[in-house]
1. Those residues that are touching an Asp or Glu at 6+ places or on another chain (Cβ under 6 Å) and surrounded by 20 or more Cβ atoms within 10 Å (Cβ to Cβ), I need them from the range 89-101; list them, please.
2. Where residues in the range 313-323 are in contact with a Gly (Cβ under 8 Å, 6 or more places away or on another chain) and touching a residue at least 40 places away in the same chain (Cβ under 8 Å), which of them is farthest from ARG275 (Cα to Cα)?
3. Could you run through the range 338-357 and say how many residues are touching a residue at least 40 places away in the same chain (Cβ under 8 Å) and in a loop (DSSP other than H, G, I, E, B)?
4. Give the residue, chosen from GLU116, GLU140, that is part of a strand (DSSP E or B) and in the same structural domain as GLY31 (by TED's automatic domain parsing).
5. Please pick out the residue among ASP59, ASP44, ASP54, ASP132 that is in the same structural domain as VAL188 (by TED's automatic domain parsing) and within 34 Å of the chain's Cα centre (by Cα).
6. Going by what's in this entry, would ALA279 be described as loosely packed, with under 13 Cβ neighbours inside 10 Å and either modelled with pLDDT of 95 or more or small (Gly, Ala, Ser) (or both)?
7. Hey, does the range 126-145 have a residue that's in contact with a helix residue (DSSP H, G or I) (Cβ under 9 Å, 6 or more places away or on another chain), among the polar types (S, T, N, Q) and closer than 30 Å to ILE254 by Cβ?
8. Does LEU339 count as surrounded by 15 or more Cβ atoms within 10 Å (Cβ to Cβ) and either on the phi < 0 side of the Ramachandran plot or at pLDDT below 95 (or both)?
Amino acid sequence: MMKKLFVVILAVALLLCAAALAEETKAKVKGEIVDGSYVIRIPDENGDLGWLADDMAQDDSVVKLAKAGLEGNEFVIQYDPTGDGEVSVGARHYIGIACNEYLTWDLSVKDGKVTEVTGGSYTASPDPETFDPYLVGEYESADGMAGMTVAKNEGGRAWDVDMSGALTQGGYVFKTTIYYDCELDRFVYDKGKTWNVEITESGEAPELGEATIAGQTGAFFFTGNPADMILTWQRDEDSENTVDFQRKDAPVAIDLGQSGLYLKEELLEGMDLIRTQIAGWEGVELHSIRYAGDENCTEENLAWLNEHESAEGKTYTQCALFQTNFHTPAESSKLALDLDFEYEDYGWWLAREDGGSWALVDAGY
């Protein structure tokens, strides 16, 4: 139930990029056991102090961070043994606030000495151009009360975000710069600034002055697929404080609504099932799809869906109603629908068993 096509495409790009960088990094990064300690040397020709090492401050750690810092053109890390057992240590490189390289090593410690390095990993952010075709553009919130533009930052591996709220709903402007964090798999920001905008007597918004709130932190993350993806703004660490944005040029309008029952990924999975069904209807043009709300997920509706022929041998425990707007072709010999007609709020009932995937059980008015 995780992100679908976009994640598949992005994951391939990440893997290809990381694989190439991993080989290059492995050739340069040196790790060795020295007098029972583990010493890591990472080339750092810029001397930017962008590297941070795991401090291993936990009481149950079997190693401690003895040193971490620049020595000439290398960032040197040393872990000294403090007990026996297995442990993973790591080093992260940051550009601004985002981790763009993350290395780990798996160590075995016995008799007060590091005796073996059994594994490890390397993760790196892809080239920013990987994201540009998907990220840069104009967005609008599902309720139309907020808009957003994302532009490439000329300074490098970053993007500038300009978000604004409707004046009729208490206008605001929020500006920040986001960076992709390869460890968190999302776009992070800090020092975002918010301006509260008041309507003047002439009805025009005044020019921006000093930001009313500064120093906000948060993140943006994708769900959906490249054509119709949702870019969700999450302020701070509050997972409830989010706003969903969709590209204005998306071919299909998506409305996830507000659900206390299902995650966005679960609703998008249901939408993908419906889109696949409509894609088989030759000549039909899908305009929008929306989740009809938790209030439809009643015991009565669930019992009704379990009575369908398609439910034979199954016991559905969850259900969801989606509604679509689409237009049928002027000519067709196969569709059991009115021709050249705009269908609105055409319903799709989905259900699933515990731990199962969504199944299409009923559709129509």
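The values are calculated or read from the model by the stated rules, or taken from the named source; none is laboratory data. Here the structure is a predicted model, which is why all the values come from computation and not from measurement. With ideal geometry, Cβ positions are generated from the backbone for all residues, glycine too; neighbour counts draw on all protein chains shown.
1. VAL89, HIS93, ALA98, CYS99
2. Per the criteria, the residue is ALA320.
3. 1
4. Residue meeting the stated conditions: GLU116.
5. ASP132
6. yes
7. Yes: the range 126-145 contains one or more residues that are in contact with a helix residue (DSSP H, G or I) (Cβ under 9 Å, 6 or more places away or on another chain), among the polar types (S, T, N, Q) and closer than 30 Å to ILE254 by Cβ.
8. So LEU339 does not fit the description; no.
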